Amino acid sequence: MENFVYNSTGWFCNLLIDPELRRRGYGSRLFEHAMEEIESDERVERVWLTASEQGAPLYRKHGFVEIDRVERWSATGLGERFSVAVPDLTRLLELDKACWGEDRSTLLRLLAQDGCTFAAGKMIAQLQVGVNFCQLGPWLAEESTSATCRTLLDQALHAVPADRPLVCDVLASAELALVLQKAGFVRGGENLLMCSSSEPPLLNGVIALASLGSIG
């Protein structure tokens, strides 16, 4: 199982059990051991994870509650080559801090080294360039409209080469299904976004996560 702590937040990334060893309690024991390690860190105030419907009961048993749903959408890039000029990240970092309740600038600056950011109206998003695909996130907004969302998506699609998929892990509460479909995106799977905390952030302004089940 992978997990990490950043400032006051813990994230569970993956809990993997060999198919031949499932339904024997190993997943529960592994999760409980990982939770003990995270909670032993005095900095941690909340813990996040994403879960399938099948896995959610285990996490609810340990005090996790559903905050939202994460829907994965993907489309093929429309550009000829990567556009990787990185503008000033100040506004994105300010919005991210307001949305998540802590300063994640060190983490986001590392992600920005191989990507770029886009802005439209009162929203901004970061494009991460991976080996086989690109990811749009974090995607944040002080104010969101269908027109500005479409403008930002078009910018991202034209920055990604035509042979490369562009992925967005969008919160269901953003209600962007129609905009994404019109921009050429196809909906894939979904997971529950869950949190264990006395006072989890409301995530006001979060459109899409940086990656599914890892750094938000």
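Calculated FRET efficiency, R23 and R187, Cβ-Cβ r, R0 30 Å, to nearest 0.05? Let's see the in-between values first.
Numbers: r = 30 Å, r/R0 = 1.00.
Given R0 = 30 Å and the Cβ-Cβ separation, E is 0.50.
Overall, the accessible surface of the range 77-190 at a probe of 1.4 angstrom is composed of carbon and sulfur to the extent of 52 percent.
Counting Lys and Arg as +1 and Asp and Glu as -1, each charge on the Cβ, what is the dipole of the chain about the Cα centre in debye, to the nearest 20? Spell out each step's value before the answer.
Working: 20 positive and 29 negative charges, 110 e Å.
Using Cβ point charges on Lys, Arg, Asp and Glu, the chain gives about 520 debye.
With helices as the sole contributors, the chain gives -8000 deg cm²/dmol at 222 nm; each DSSP H run of n ≥ 4 counts as -39500 (n - 2.57), and the sum is divided by every residue. Please name whichever of L178, C195, C149 sits farthest to the positive end of the charge dipole of the chain, dipole taken about the Cα centre and charges placed at Cβ: Lys and Arg +1, Asp and Glu -1. Positive-most Cα among the choices belongs to L178. Stretching the chain fully between R60 and A162 yields a gain of 32.6 nm (0.36 nm per residue, less the alpha carbon separation). Rounded to 0.05, the FRET efficiency of the Q113 and E39 pair, given R0 = 35 Å and the Cβ-Cβ distance, is 0.65. Candidate cross-link partners of K97 among the lysines, defined by an alpha-carbon separation under 23 Å and a same-chain spacing of 8 or more, comprise K122.
Let me make sure I get this right: for the chain, a, b and c are the square roots of the gyration tensor eigenvalues over alpha carbons, sorted descending. Under 1.5 in a/c it's rounded, otherwise prolate if a/b > b/c, else oblate. Which is it?
Working: a/c = 1.87, a/b = 1.55, b/c = 1.20.
Since a/c reaches 1.5 and a/b is larger than b/c, the shape of the chain is classed as prolate.
On a per residue basis, the chain carries 51 Å² of accessible surface, using protein heavy atoms and a 1.4 Å probe.
The values are calculated or read from the model by the stated rules, or taken from the named source; none is laboratory data. In this text, all values refer to a predicted model and were calculated from it rather than measured experimentally. Note: ideal-geometry Cβ built from the backbone for every residue, glycine included; neighbour counts use all protein chains shown. Ligands, DNA and RNA are excluded from the accessible area calculation, which covers all protein heavy atoms including side chains. Shrake-Rupley method; radii C 1.70, N 1.55, O 1.52, S 1.80 Å.
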